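The values are calculated or read from the model by the stated rules, or taken from the named source; none is laboratory data. Since we're looking at a predicted model, the values are computed, not measured. FYI the Cβ positions are ideal-geometry reconstructions off the backbone, even for glycines, and counts take in every protein chain you see. Just so you know, the surface numbers come from the protein's heavy atoms only, side chains and all, with ligands and any DNA or RNA stripped out. Shrake-Rupley method; radii C 1.70, N 1.55, O 1.52, S 1.80 Å.
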Amino acid sequence: MPKLIEFNDHDGVLVLHSWLSIIWEDAHLKWNPEDVGGLEKIHVQSEELWTPDISVYNSGDMNEDQSGLPATRCILGYDGQVHCVPAVKYTASCDADYRLWPFDKHNCTIHIGSWAHTGDDIDFHLQGSDVFRVDFVENRQWDLESITAVKIIQKFPCCPNDTFPLLAYHIVIKRHHDSMHAVFVTPAIILILLTMTVLWLEPKSTERLAVACISFICHLICIQDLQWMLPPNGGTAPYILLFYRDSLILAGVSLLLTVILRQLQEMKTTPPMWLSSLMSVILDTRGGQIFILTSLNPKVSAVVETKSDENAEFVNPHSASTKEESAWGYLAICISRLSFLSILVTYIVLLATLTPIDTSLPSKPPKS
């Protein structure tokens, strides 16, 4: 009858506070009720009786003795049947999986059996519904989804002719993720929007450089905070940590790209002929103008075109560096737009593969 659960995710240890209802028969404690005035049962201290050898095989705290039964009062019947309900505290180590943190779910198992006796001496049997969730106190951090018990009979190489029965209690717990979702998942969406805003602004604008720096610093702060919150154990890294790592790389790329494009737009050198021709081809098409998101007037169009007879009247003879500046500027805009599309696709892939999602259905507690 579980009463309270605790789970230390940093150590991977589950603590179960429970009542253990155990019944056995002692042939040496039988009596005839008619001989003692019709007395059929009495209350006896467990220290005055033989109690079965019970230990936790996969203990999570080797310094704590988890063998035997705690001291309690038992009911002894005239037929030799002893019924004890001690309050027990069992700790067990768990192989936790934090990939879906903060939507992580863990299946912990507590193995209970005899430490010194074989199945010929002491055998265990489950009774009734195995587990009763009566007056269970809910944990504010962890939700007890299910707890089931099964009997397992083991054999060891040292004793091939002996059996060792044990009871395995499978406990499934799930983290309450509301606060963690608000603290870490929601800011990730904001950081994505910041990074995409950087790539959408004009490369030469001061606002773009400022937003790029803010986005990069916010990524570092979130990862530093996430490092202190995440458990250090586990075989695989949480998806949300990998997402923040990759998003930090993309934010760094956008910051570096902003600095490079700002320098590119300020270049005064004569652009190569292939660059001028390429910009002319792009700006001659309606799709290219939409891609660059600018409405060109005839003078600006003529600047990036190669000189020809039909467009000669649009060239500005009083600005010798206009052609060079415009070609480099439109190249910077094209690179910025392409990087926007590339990083947008990258974020879509990251969201599809590394976003922790709560896919489990709400479970109903078993009827007591």
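For the range 12-39, give me the residue count where each residue is loosely packed, with under 15 Cβ neighbours inside 10 Å and out of contact with any strand residue (DSSP E or B) (no Cβ under 7 Å at 6 or more places or on another chain). The number of residues fulfilling the criteria is 12.
Inspect all residues belonging to the range 240-260 and state whether any of them is in a loop (DSSP other than H, G, I, E, B), open to solvent by 40 Å² or more (accessible area, probe 1.4 Å) and either at pLDDT 65 or above or not polar (S, T, N, Q) (or both). No; the residues of the range 240-260 include none that is in a loop (DSSP other than H, G, I, E, B), open to solvent by 40 Å² or more (accessible area, probe 1.4 Å) and either at pLDDT 65 or above or not polar (S, T, N, Q) (or both). Please verify whether the range 88-101 includes one or more residues that are open to solvent by 30 Å² or more (accessible area, probe 1.4 Å), free of Cβ contacts under 8 Å to residues at least 24 places away in the same chain and of a type in the set (D, E, K, R). No: the range 88-101 contains no residue that is open to solvent by 30 Å² or more (accessible area, probe 1.4 Å), free of Cβ contacts under 8 Å to residues at least 24 places away in the same chain and of a type in the set (D, E, K, R). Pairs are defined by a Cβ separation below 9 Å, a sequence spacing of at least 6 or placement on different chains, a first member in the range 21-48 that is touching a residue at least 60 places away in the same chain (Cβ under 8 Å) and under 22 Å from residue 125 (Cβ atoms), and a second member that is assigned to a loop (DSSP other than H, G, I, E, B) and among the aliphatic types (A, V, I, L, M); the pairs so defined are 21/1; 21/85; 22/54; 22/69; 22/85.
Would you mind stating whether residue 110 is under 21 Å from residue 131 (Cβ atoms), at pLDDT 85 or above and assigned to a strand (DSSP E or B)? Steps first, answer last, please.
Values: under 21 Å from residue 131 (Cβ atoms): yes; at pLDDT 85 or above: yes; assigned to a strand (DSSP E or B): yes.
So residue 110 fits the description; yes.
Does residue 128 satisfy the condition of being over 14 Å from residue 12 (Cβ atoms), small (Gly, Ala, Ser) and modelled with pLDDT of 85 or more? Taking the combined requirement at face value, the residue does not satisfy it.
If I filter the range 167-184 for residues that are touching a helix residue (DSSP H, G or I) at 6+ places or on another chain (Cβ under 7 Å) and open to solvent by less than 30 Å² (accessible area, probe 1.4 Å), do I get at least one hit? So that I can check it myself, show each step before the final result.
Going residue by residue through the range 167-184, those that are touching a helix residue (DSSP H, G or I) at 6+ places or on another chain (Cβ under 7 Å) are 184.
From what's left, open to solvent by less than 30 Å² (accessible area, probe 1.4 Å): 184.
Yes: one or more hits.
Screening residue 84 against (1) open to solvent by 60 Å² or more (accessible area, probe 1.4 Å); (2) at pLDDT 90 or above leaves a single unmet condition, (1). Screening 189, 217, 223, 173 for residues that are of a type in the set (Val, Ile, Thr) and in contact with a strand residue (DSSP E or B) (Cβ under 7 Å, 6 or more places away or on another chain) leaves exactly one candidate, 173.
Okay, residues lined up against (1) free of Cβ contacts under 8 Å to residues at least 40 places away in the same chain; (2) part of a loop (DSSP other than H, G, I, E, B); (3) within 28 Å of residue 102 (Cβ to Cβ); (4) under 19 Å from the mean Cα position of the chain (by Cα):
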| site | (1), (2), (3), (4) |
| --- | --- |
| 118 | no, yes, no, no |
| 144 | no, no, yes, yes |
| 149 | yes, no, no, no |
| 174 | no, no, yes, yes |
